[in-house]
Amino acid sequence: MTLRDILDDIHALTRDIEAYERKYGVLSETFYRAYSAGEEPADDSWILDWAGWAGAYKTLLRRQEQYGRLMQAVEQESRSLGEVIAKAARRELLPVAA
């Protein structure tokens, strides 16, 4: 997975999650806390949405963590963030550890 892949995923997941948040009227953090605690949807027609929302949110958290690890590695290697931005802008591959 590359930095570009992670960013593309983050943006796509954010769009999906925002649609769920608008539909159900709460932020994903609130929803996911309830979902993780085993709360069931009030309406059976929401079951698929809730599963999709939970999956998208969990994946978003994972991608944000991967992004953070990459930036931390860049700082530890004393690489310039400007260099990373330049490579990303030129769409050069910036591999990321899973």
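Values for this structure:
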item	result
Single unsatisfied condition, residue 4 versus (1) surrounded by 13 or more Cβ atoms within 10 Å (Cβ to Cβ); (2) over 30 Å from residue 69 (Cα atoms); (3) among the basic types (Lys, Arg)	(2)
Among residues of region 37-84, those that are in a helix (DSSP H, G or I), of a type in the set (Asp, Glu) and either surrounded by 11 or more Cβ atoms within 10 Å (Cβ to Cβ) or modelled with pLDDT under 90 (or both), counted	4
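The values are calculated or read from the model by the stated rules, or taken from the named source; none is laboratory data. These numbers were taken from a predicted model, which means no experiment stands behind them. Don't worry about glycine lacking a Cβ; one is built from the backbone with ideal geometry, like all the others, and counts go over all protein chains shown.
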